[in-house]
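See structure below.
The values are calculated or read from the model by the stated rules, or taken from the named source; none is laboratory data. In this text, all values refer to a predicted model and were calculated from it rather than measured experimentally. Cβ sites come from the backbone with ideal geometry, for glycine too, and all protein chains shown count toward neighbours.
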Amino acid sequence: MVGYKTLVLGATPNPARYAYNAVHQLLNKKIEVVPMGIKEGVIASIPIISVNEQQENIHTVSLYVGAARQEEYYDFIINLAPKRVIFNPGTENPQFAQKLNKAGISWENACTLVLLSTNQYQS
């Protein structure tokens, strides 16, 4: 769908991981997706790009990186100026959420896969 371009941070070529499944489900819903991670590989014929590679027009950042490892991405994500950040289960981070609030970026503790499967992702 137009306008919901999503950056999946923590993408991996491992099909057993939720981030991998999120990329597939976003594509199934016709949402443009940018997989970004530290592991090289491909998901659904889309290359996983290097962490911190500049992007434009990102609507949503879907986090699959635990809170303990998120700090190095704070400025990168804030500078992307997304409309929202989704903290998937296990990535919740009150400190980062507070920084997002100060930057005027919406965030939610939610599950990208559940939002997609219940048609709430684009609401």
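Restricted to the stretch 1-42, and to residues that are in contact (Cβ under 8 Å) with a residue 24 or more places away in the chain and of a type in the set (Val, Ile, Thr), which residue is nearest to Glu72 (Cα to Cα)?
Val8
Anything in the stretch 49-98 that is touching a residue at least 24 places away in the same chain (Cβ under 8 Å) and aliphatic (A, V, I, L, M)? List them, or say none.
Across the stretch 49-98, the qualifying residues are Val51, Ile58, Val61, Leu63, Val65, Ala67, Ile77, Ile78, Leu80, Ala81, Val85, Ile86.
How about the stretch 24-37: which of its residues are touching a Ser or Thr at 6+ places or on another chain (Cβ under 8 Å) and of a type in the set (A, V, I, L, M)?
Leu26, Ile31, Val33, Val34, Met36
Taking the condition exposed (fewer than 14 other Cβ atoms within 10 Å of the Cβ), part of a helix (DSSP H, G or I) and of a type in the set (S, T, N, Q), does Gln25 pass?
Considered against the rule, which asks whether it is exposed (fewer than 14 other Cβ atoms within 10 Å of the Cβ), part of a helix (DSSP H, G or I) and of a type in the set (S, T, N, Q), Gln25 comes out as no.
Can you name the number of the only condition in (1) crowded, with 22+ Cβ neighbours inside 10 Å; (2) in contact with a helix residue (DSSP H, G or I) (Cβ under 9 Å, 6 or more places away or on another chain); (3) among the aliphatic types (A, V, I, L, M) that Ile31 fails?
Single failed check for Ile31: (1).
Taking into account only those residues within the stretch 74-120 that are in contact with a Lys or Arg (Cβ under 7 Å, 6 or more places away or on another chain) and of a type in the set (Phe, Trp, Tyr), which is farthest from Asn28 (Cα to Cα)?
Once the filter is applied, the top-ranked residue is Tyr74.
Go through Lys5, Lys29, Lys39 for me and flag whichever is under 13 Å from the mean Cα position of the chain (by Cα) and of a type in the set (Lys, Arg).
Going through Lys5, Lys29, Lys39 in turn, just one is under 13 Å from the mean Cα position of the chain (by Cα) and of a type in the set (Lys, Arg): Lys5.
Considering only the stretch 65-98, state which residues are among the hydroxyl-bearing types (Ser, Thr, Tyr) and assigned to a helix (DSSP H, G or I).
Matches in the stretch 65-98: Tyr73, Tyr74.
Does Ser50 count as small (Gly, Ala, Ser) and surrounded by fewer than 20 Cβ atoms within 10 Å (Cβ to Cβ)?
yes
Any chance the stretch 1-11 includes a residue that's modelled with pLDDT of 95 or more, surrounded by fewer than 23 Cβ atoms within 10 Å (Cβ to Cβ) and over 22 Å from Ser106 (Cα atoms)?
Within the stretch 1-11 (the criterion being modelled with pLDDT of 95 or more, surrounded by fewer than 23 Cβ atoms within 10 Å (Cβ to Cβ) and over 22 Å from Ser106 (Cα atoms)), the answer is no, since none of the residues qualifies.
Of the numbered conditions (1) without any contact (Cβ under 8 Å) to a residue 40 or more places away in the chain; (2) crowded, with 18+ Cβ neighbours inside 10 Å, Thr112 satisfies every one except a single condition; which is it?
Condition (1) is where Thr112 drops out.
Under the condition of being in contact with a Phe, Trp or Tyr (Cβ under 7 Å, 6 or more places away or on another chain) and part of a loop (DSSP other than H, G, I, E, B), which residue from the stretch 52-64 is nearest to Leu7 (Cα to Cα)?
By that ranking, first place goes to His59.
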